[in-house]
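Below is one structure, written out as structure tokens; comments come after it.
The values are calculated or read from the model by the stated rules, or taken from the named source; none is laboratory data. Since the structure is predicted, the reported quantities are computational estimates derived from the model, not experimental observations. In this analysis, Cβ positions are derived from the backbone assuming ideal geometry, glycine residues included, and neighbour counts consider all displayed protein chains. Calculation scope for accessible area: heavy atoms of the full protein, side chains included, ligands and nucleic acids excluded. Shrake-Rupley method; radii C 1.70, N 1.55, O 1.52, S 1.80 Å.
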Amino acid sequence: THSLLRSDTHCDTGNSTKTTNKSIKFEQPTLIENVDQRITQDVDKLCTQAATLLSIVVITPGLIVFYMCYLWRLFGWVAPIACFVYFILSACITTVFTKSLAALIYRQEKLEGYFRLNHMLYRIYIESIALLKASSYEDSKLNDSFKKVYENQKQTINVRFPLYLATNWFSYFG
């Protein structure tokens with residue numbers, strides 16, 4: 001954190017600068033702590049995710065080709081075509097639910113952020129609110145904000161449930 005107070009003395013200790021003002025002490029980090037550890041963790045995550053993605057990208061097309069050839073030999077041309085039609089149908093149905101869910105999730109994040117901001121401001125200005133006798137107004141504002149979050153969460157659940165059913169239906173019967 002940065003200090004707005006002027007300091008009487010400065011001491012440079014390498015990783016951080018200590019600023020003192022009479023009896024108040026502030027520490028201001030000048031460097032990122034544990035840089036090597038953070039870089040190592042980021043590289044590890046990158047490699048793990050890249051390996052997972054690569055395995056999916058390489059293996060999935062091979063599996064599709066193998067099973068299409070296998071079905072073609074067993075049942076003729078009808079089986080691979082039926083599989084593709086089933087896949088396209090399931091993709092279209094789940095896409096409809098996913099688009100509406102994405103909009104609701106975006107709105108949920110926005111409403112939760114607004115609610116957290118209002119709550120933080122309420123806590124910061126609680127004395128001013130009490131002195132101005134505006135607690136009923138601020139309470140109603142917070143309650144309205146919470147109701148919006150709650151109603152949007154209910155809508156999200158109502159859209160997630162059919163998406164979950166459709167996804168599992170197509171996975172199980174596909």
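For region 48-80, enumerate the residues that are open to solvent by 80 Å² or more (accessible area, probe 1.4 Å) and not aliphatic (A, V, I, L, M).
Q49, F66, Y67, Y70, W72, R73, F75, W77 - these are the residues of region 48-80 that are open to solvent by 80 Å² or more (accessible area, probe 1.4 Å) and not aliphatic (A, V, I, L, M).
Does region 38-50 contain at least one residue that is modelled with pLDDT of 90 or more, part of a helix (DSSP H, G or I) and of a type in the set (V, I, T)?
Scanning region 38-50 turns up at least one residue that is modelled with pLDDT of 90 or more, part of a helix (DSSP H, G or I) and of a type in the set (V, I, T).
I'd like to know if region 157-173 contains one or more residues that are open to solvent by less than 80 Å² (accessible area, probe 1.4 Å), without any contact (Cβ under 8 Å) to a residue 24 or more places away in the chain and within 32 Å of the chain's Cα centre (by Cα).
Yes, region 157-173 has at least one match.
Any residue that is under 30 Å from I64 (Cα atoms), free of Cβ contacts under 8 Å to residues at least 40 places away in the same chain, exposed (fewer than 12 other Cβ atoms within 10 Å of the Cβ) and aromatic (F, W, Y) - is there at least one of those in region 100-119? Walk me through it before giving the result.
We begin by selecting, within region 100-119, every residue under 30 Å from I64 (Cα atoms); these are 100-102.
If we keep only those that are free of Cβ contacts under 8 Å to residues at least 40 places away in the same chain too, we end up with 102.
Narrowing the set further to residues that are exposed (fewer than 12 other Cβ atoms within 10 Å of the Cβ) leaves 102.
Filter once more, keeping what is aromatic (F, W, Y): none.
Within region 100-119, none of the residues are under 30 Å from I64 (Cα atoms), free of Cβ contacts under 8 Å to residues at least 40 places away in the same chain, exposed (fewer than 12 other Cβ atoms within 10 Å of the Cβ) and aromatic (F, W, Y).
Looking only at region 128-156, count every residue that is assigned to a helix (DSSP H, G or I), among the basic types (K, R) and loosely packed, with under 15 Cβ neighbours inside 10 Å and tell me the total.
Step one: list which residues in region 128-156 are assigned to a helix (DSSP H, G or I), which gives 128-131, 135-156.
Next, from what is left, pick out any that are among the basic types (K, R): 141, 147-148, 154.
Those left that are additionally loosely packed, with under 15 Cβ neighbours inside 10 Å: 141, 147, 154.
Here the count works out to 3.
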